[in-house]
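The values are calculated or read from the model by the stated rules, or taken from the named source; none is laboratory data. Note that the structure is a prediction, hence the values are computed from the model and not measured. Quick reminder, even Gly has a Cβ in these numbers, built from the backbone with ideal geometry, and neighbours come from all protein chains shown. Side chains are part of the model used for accessible areas, which takes the heavy atoms of the whole protein and leaves out ligands, DNA and RNA. Shrake-Rupley method; radii C 1.70, N 1.55, O 1.52, S 1.80 Å.
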Amino acid sequence: MKEIFIKRQLTDKLNIAVFASGKGSNFKSILESIKLGKIHNADIVIVISNNADAGALEIARENNILTLHINRRQFASDDDFNAALISDMQKVRVNFIVLAGYMKKINPNIIKAFKNRIVNIHPALLPKFGGKGMYGIHVHEAVIASKEKFSGASVHIVDEEYDRGPLVLQKIVQIEPNDTPETLAAKVLKIEHEIYPEAIRLFAEGRVKVDRQKIIIVS
Ligand code: GRF
């Protein structure tokens, strides 16, 4: 098997930028894992949000993490916006981006600059129930409406297409007959808080390799 011949490489420390638009519970779960020493070799150096009221920014401030409220409306053009975003990340030497409930599309130039170094979490078992319009409660409504027996969460690498990049980790939850979109959302969020820190740990340990759009976890 190919995997066993790939040597583990020590990586530079992950200098993470978290992008979040909402309450930031996933960001918090990653931060806790770093603080508890479950993830070594990684720091969250900045939290970036398009939304000034994002809970994620509040959590960052409470933890003395640099925050940046930035959105396209503050700039004359897409290029200006993205240049500012990249420059602000360079100032704090960001080398890895974690999308945690970020509601805006990432510009292709940023995806290119951070190739295979941007991850996202999606509250369903991709490739099912992903893509445009599939966010928040809409995902769980669609899952329940399709009478699925299972749902779950997926961590994937971000490429140019919504929810399409290589999968890093997934975890399944069972759907009970009395589950509603809301109860399912709560179940899924709970496992998001398990697999997102776990996925970041694998990256921080240099154990995630991308080979022709496939992920290999090196042991
Ligand atoms: C999560 O359900 C995540 O899967 C999705 O956005 C939500 C963010 O929640 N991408 P939170 O802000 O981390 O609490």
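So, Val94, is that one open to solvent by less than 80 Å² (accessible area, probe 1.4 Å) and either touching a Ser or Thr at 6+ places or on another chain (Cβ under 7 Å) or within 11 Å of the ligand (Cβ to nearest atom) (or both) or not? Spell out how you get there, then give the answer.
Numbers: open to solvent by less than 80 Å² (accessible area, probe 1.4 Å): yes; either touching a Ser or Thr at 6+ places or on another chain (Cβ under 7 Å) or within 11 Å of the ligand (Cβ to nearest atom) (or both): no.
No; evaluated as a whole, the condition is false for this residue.
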Looking at (1) of a type outside the set (Ser, Thr, Tyr); (2) surrounded by 16 or more Cβ atoms within 10 Å (Cβ to Cβ); (3) in a loop (DSSP other than H, G, I, E, B), which is the one condition that is false for Lys115?
(2)
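Each row is one residue, and each column tells you yes or no for (1) within 18 Å of the chain's Cα centre (by Cα); (2) small (Gly, Ala, Ser).
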residue: Ala52; (1), (2): no, yes
residue: Glu62; (1), (2): no, no
residue: Asp80; (1), (2): no, no
residue: Asn95; (1), (2): yes, no
Among Asn109, Asn82, which is open to solvent by 40 Å² or more (accessible area, probe 1.4 Å), without any contact (Cβ under 8 Å) to a residue 40 or more places away in the chain and over 24 Å from Asn41 (Cα atoms)?
Asn109
Qualifying residue in the range 89-96 (condition: under 21 Å from Glu194 (Cβ atoms) and touching a strand residue (DSSP E or B) at 6+ places or on another chain (Cβ under 8 Å))
yes
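Which one is farthest from Gly136 (Cα to Cα), of the residues in the range 30-43 that are outside any loop (DSSP other than H, G, I, E, B) and open to solvent by less than 20 Å² (accessible area, probe 1.4 Å)? Break it down into steps so the answer makes sense when it comes.
Taking the range 30-43 as the starting set, the residues that turn out to be outside any loop (DSSP other than H, G, I, E, B) are 30-35, 42-43.
Filter once more, keeping what is open to solvent by less than 20 Å² (accessible area, probe 1.4 Å): 30-31, 33, 42.
Working: Ile30: 20, Leu31: 22, Ser33: 24, Ala42: 28 Å.
Looking at residues that are outside any loop (DSSP other than H, G, I, E, B) and open to solvent by less than 20 Å² (accessible area, probe 1.4 Å), I get Ala42.
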Residue list for the range 44-54, filter: among the β-branched types (Val, Ile, Thr) and either surrounded by fewer than 17 Cβ atoms within 10 Å (Cβ to Cβ) or away from the ligand (no atom under 14 Å from the Cβ) (or both):
Val45, Ile46
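Just to be sure, is Gly136 within 13 Å of the ligand (Cβ to nearest atom) and crowded, with 18+ Cβ neighbours inside 10 Å?
On the way: within 13 Å of the ligand (Cβ to nearest atom): yes; crowded, with 18+ Cβ neighbours inside 10 Å: no.
Spelling it out, it is not the case that Gly136 is within 13 Å of the ligand (Cβ to nearest atom) and crowded, with 18+ Cβ neighbours inside 10 Å.
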Filtered residue count, the range 168-188, keeping only those that are touching a residue at least 24 places away in the same chain (Cβ under 8 Å), surrounded by fewer than 17 Cβ atoms within 10 Å (Cβ to Cβ) and among the aliphatic types (A, V, I, L, M):
1
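Residue check: is Glu192 in contact with a helix residue (DSSP H, G or I) (Cβ under 8 Å, 6 or more places away or on another chain), of a type outside the set (Lys, Arg) and open to solvent by less than 60 Å² (accessible area, probe 1.4 Å)?
yes
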Taking only pairs six or more apart or across chains, which ones have beta-carbon atoms under 7 Å, a first residue in the range 119-140 that is farther than 25 Å from Ala204 by Cβ and β-branched (Val, Ile, Thr), and a second residue that is near the ligand (Cβ under 8 Å from one of its atoms) and not in a helix (DSSP H, G or I)?
Val139/Pro123
In the range 132-157, what count of residues is obtained for those that are part of a strand (DSSP E or B) and at positive phi?
1
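Given Glu205, Glu160, Glu182, Glu194, which one is within 15 Å of the ligand (Cβ to nearest atom), of a type outside the set (Gly, Ala, Ser) and more than 17 Å from Asn26 (Cβ to Cβ)?
On inspection, the qualifying residue turns out to be Glu182.
Looking for whichever is touching a residue at least 12 places away in the same chain (Cβ under 8 Å), open to solvent by 30 Å² or more (accessible area, probe 1.4 Å) and under 11 Å from Val18 (Cα atoms) here; the options are Leu99, Leu66, Leu57. Which one fits?
On the way: Leu99 fails: open to solvent by 30 Å² or more (accessible area, probe 1.4 Å); Leu57 fails: open to solvent by 30 Å² or more (accessible area, probe 1.4 Å).
Checking each option against the conditions leaves just Leu66.
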From the residues in the range 1-33 that are hydroxyl-bearing (Ser, Thr, Tyr) and more than 9 Å from the ligand (Cβ to nearest atom), which one is modelled with the highest pLDDT?
Ser33
